[in-house]
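Read through the structure below, which is laid out as structure tokens, and then see the notes.
Just so it is clear, none of the values below were taken in a lab; they were calculated from the coordinates. Remember, predicted model here, so these are calculated numbers, not experimental data. Using ideal geometry, Cβ is built from the backbone for each residue, glycine included, and neighbour counts are taken over all protein chains shown.
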Amino acid sequence: MREPRQLVSMVVAEQQFGVRIDAVRDILGFQHLAKVPLAAAEIAGVLNLRGRIVTAIDLGRRLTIERAGTLPADQAMNIVVDHRGELYSLLVDRVGDVLTLGEERFEADTSSLPAPWRSLAHGIFRLDEALLVELDIERVLALQPVG
Amino acid sequence: MDDLLSEFLTECLESMTVLDGELVRLEQHPDDPELIAGIFRLVHTIKGTCGFLDLARLEAVAHAAENVLGKLRDGEMAASRAVVSVVLEALDRIKEILDGLASTQAEPEGDDTALITALDTIAATGARPAEPRPSAADLPVVVQAEATEPPPSAEPQPAARSEPSAVAAVVEPDAIAAERSPEMRSGAGAESLAAQTLRVPVDLLEQLMTLVGELVLTRNQLLQTVRHGSDPALQSPLQRLDQLTGELQEGVMKTRMQAIGTAWSKLPRLVRDLAIEVDKEIELTMHGAETELDRQVLEMIKDPLTHMVRNAADHGLESPDERSRLGKARKGTIGLRACHEGGHIIIEISDDGRGLDTDRIAAKAVARGLVAEADIAGMAERDLQQFIFHPGFSTAETVTAVSGRGVGMDVVRTNIEKIGGSIEIRSTKGKGSTFTIKIPLTLAIVSALILEAGGERFALPQLGVVELVRAGGRSEHRIETMDGMRVLRLRDRLLPLASLATTLGLAAPATGQRDAGSYVVVVRVGPRVFGLEVDRLFDTEEIVVKPVAPILRSVSAFSGNTILGDGSVVMILDLNGLASMLDAGRGEADRRQTMDERVQKDERVSLLLFKAGGGQQMAVPLALVTRLEQIEAATIEPAGGRSVIQYRGSLMPLADIDGRPARVEAGQRPTLVFTDCGRNMGLVVEEIVDVVEADITLELRGTGGNDLGTAIIAGRPTQLLDVAFFVNRAFGGWFAAEETEAFRGNDNRGRHVLIVDDSRFVRTMLQPILEAEGMRVTTADSADRALRMRDEGQAFDLIISDIEMPGMDGFAFVENCRTGGPWQRTRIIALTSHATPSDVERGRLAGFDGHVGKLDREALIATLTANHATAEVL
């Protein structure tokens, strides 16, 4: 049995996702990004967070979510996570509440998810009104190297 | 104070401070083996270093103490309180001597006989000497432990003398104490030294750096706010804040930098001692000691460097006898060289010893199953040499105390790769080996040019930047397009151009904007020079290179990223990465060639490929072509059986590839313009194909035609144009430059010629030409190397030297030769690519006897043949 845990919830193209709160370092509004040419398509750019360079990942692209229209760049929110000492930012449409979710709502079987998401998810939480996919940060950040 | 001594003291005093605490524990747990081992190590280190620094007193005490500690550690003796007390005395004494050293830089006067005798007695007999009483009040634990003893007094203890195990030589503890001089008791010296240097964890520096970064950002915001407001009371303090922040930032950055010389400082001594140990004569030369690199990086390469220098001394160099048998100077040379290059730090460790024995390496590689015997034959020398980086691979026949234990180059390589560096070896059997270590500026601070391309800003380390040019549009520097390839005409050179935006896959600016001209950053990567087209240029800025996140590391175009003063993040361009991307972006044929080049990428030459003589592909080094022109058929005029056109205010003769006056029926024809002493001449060709960077392996022809030989370039057999021959044949009569012919026929046989040129291409091309004339040819790839030959006593009939060489240039070289020494009167000819009259004059003043154009076979041989006259051709 896993303890109830706290997730920061977020929305990408109307779908709810969550990451564990202890991985999250910061939540920022729109940030100007410097592009990184030739990098993987998921990499939106780099930004400066109080003197540290943060690599921003377009979570929508990472999850291969087809958007109806492109999200205005200046509306993206940054969820900054710490992964092995490096800071990464997940670009999302909206940041939701911090949720404390019990085990009884958890579903470890991810086979019901769209294929690209399965390998990136820990599992699914059944919320009252919707489903929330808990992301595995490690795998989300394990981009295939390009070039 | 001597750096070595001061470093030694800092280290010892630091350890002693740690030891103070340990000593108390030792008193309480006299038989803690770890504790004893720790103290042993420290004393051992002190003893060892003393020998280097010639500190006899310290060494004697440390040596005696080490003996006792060794026995304690090995359990040969029990750590009785009495023994411990004497050890403590010894440690106190060491500390006193260190203190003395720190304040006076010399060992204080003093007599340690009593103490040493006491220590020796214990070590020799395992016996407890007289129960020493605490000799100083600074040993409170001793006092406490000996509470049952009578209170300390100045009187000698009769009981101690009657101790059964005591030997006659046992010395009174008070006598030991009496050896101390009063000024030695003061710790002032130690404190002042300790205050000079501090050890700070790198993490802390990193943290400081981050904080300073934030401070800079806050300051910038503040400045912006105040600029909009108008409170004059704020202006002055803000200005001060601005300045202080800048200085603070600079200071914190500096804390992390150190000259590589600090890592080298111990090497001269090391080499000297090694030379004695292995019975060789060795000279250590060091260049670029001031090259700064990050402290952390420095620490990481210290050991590999030491190891390689040891290797060079032990295995690389031959014994003096062997060297003189081989005709080398008895004294071997180990060279260390450091410089910044293309955003990297390059460190070279070279020796002029026996070089790697590839046969032995091959045999060993087969024996170890690293490669099949059948494959050895097909392996390039270079690949064979790489085996020395395999774990446990050592070719030393004997394991010496110095090296050869098989923990060698693989560890070196691992350590260097750990910090993102690389190591390469170049070695010629009998000539020596050179290891080149390349370390990225991962943590270093560099001055970088900030520029914009495709709407993004980037930082380009200033080190790779040759110059900035405004090109195209109405600028005097025109940009040409040759078969889709853009080339910049810069003074007398043609430079291949690449658009940074396109290379990075960013949208290039609209054509209209481009027509208005663009900025070109001329950059140098190794021997290559090319132009990067950018949209805008900003300032240069000192930047702290931060490594990119792991998920971005595969992008070779960038060496890191950084935060600029205004708080924005920019990527730092990696010129090496860009250059290889540009190569990869070329056609399929070229790609195959690039792979070949990877095998031997020593040197590449920019070649202009063109078609002439009925579709034959030909090449000419770009450096020899002055300009490219489109010649209009109608503008060609016949004159005295020749074809000429009006060109830049004078008549320019035109010829076709066979040296005949050019005939153009109609339309335009591309023309290569060559310049010789201010005179232009045009070679009309059929088509300009491309500009390529290629490594040429030339198959030379025995007799002259208009080509020097054939090479495979861009997948096709290509003739390399012999510019001088062509110019002579096509235009020789025109300029009546045949006087050189007069020198033909003299006998060159047996003359010994030295070619000094950093370009392998030139060396390999000249050598066969001269050898075909019956001369003996020796080559040197740098002026330094040539001078070393001189110092080794080699003599030549003639020396041909390049002018532009990295390190010492040709002018400095010839000046050096003329100042004295065996080469003072040797004939020295300058080898130039395009000499202007002022260059010629400068060369003459520097001491050259004449000059001759590169790739100019005729003139070269004429020049060499001329005994006294000074031939100046091309």
Peptide ranges B:247-260, B:798-811 listed from the most packed, as the mean C-beta count within 10 angstrom indicates: B:798-811, B:247-260
Identify which of A:L63, A:L87, A:L127 has the largest mean-square fluctuation in a Gaussian network model of chain A, with springs joining Cα atoms closer than 10 Å. A:L127
Alpha-carbon centroid distance for the pair region A:20-50 / region B:309-343, whole angstrom: 51
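Let me confirm one metric for peptide A:52-63, namely the mean number of other chain beta-carbon atoms within 10 Å of its residues' beta-carbons.
Taking the mean over all residues of the peptide, I get 2.
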Taking one equal scatterer on every alpha-carbon of region B:290-360, how large is log10 of I(q)/I(0) by Debye at q = 0.21, 0.23, 0.28 1/Å? -0.93, -1.01, -1.25
Computed FRET value (nearest 0.05) for B:A289 with B:D242, which takes r as the C-beta separation and R₀ as 22 Å: 0.05
Quick one: pull the percentage of alpha-carbon pairs in region B:227-345 with a separation above 22 Å. 54
Report the GluC sites (Glu not before Pro) located in region A:33-113 that are in a DSSP loop and have at most 11 other Cβ atoms inside 10 Å of their Cβ, or state none. A:E66
In percent, how large is the relative contact order of region A:8-131, given Cα pairs closer than 8 Å and 6 or more residues apart? 27
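Mind checking B:558-568 for the average number of partner chain beta-carbons within 10 Å of each residue's beta-carbon? Mind dumping the intermediate values first?
Values: counts 4, 0, 1, 6, 2, 8, 2, 0, 1, 5, 6.
Mean shielding by partner chains, rounded to a whole number: 3.
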Any idea what log10 I(q)/I(0) is at q = 0.14, 0.17, 0.18, 0.32 Å⁻¹ for region B:30-84, Debye with uniform C-alpha scatterers and no solvent? -0.36, -0.51, -0.56, -1.20
Looking only at other chains, what is the average number of their beta-carbon atoms within 10 angstrom of each beta-carbon in B:570-576? 2
Cα-based equivalent ellipsoid of region A:32-121: semi-axis lengths in Å, sorted from largest, via gyration tensor: 25, 17, 14
Describe numerically, in nm with one decimal, the distance between label points set 7 Å from Cα along Cα→Cβ at B:A507 and at B:D231. 4.4
Starting with the highest mean, order B:377-390, B:778-791 by the number of other Cβ atoms within 10 Å, averaged over the residues of each peptide. B:778-791, B:377-390
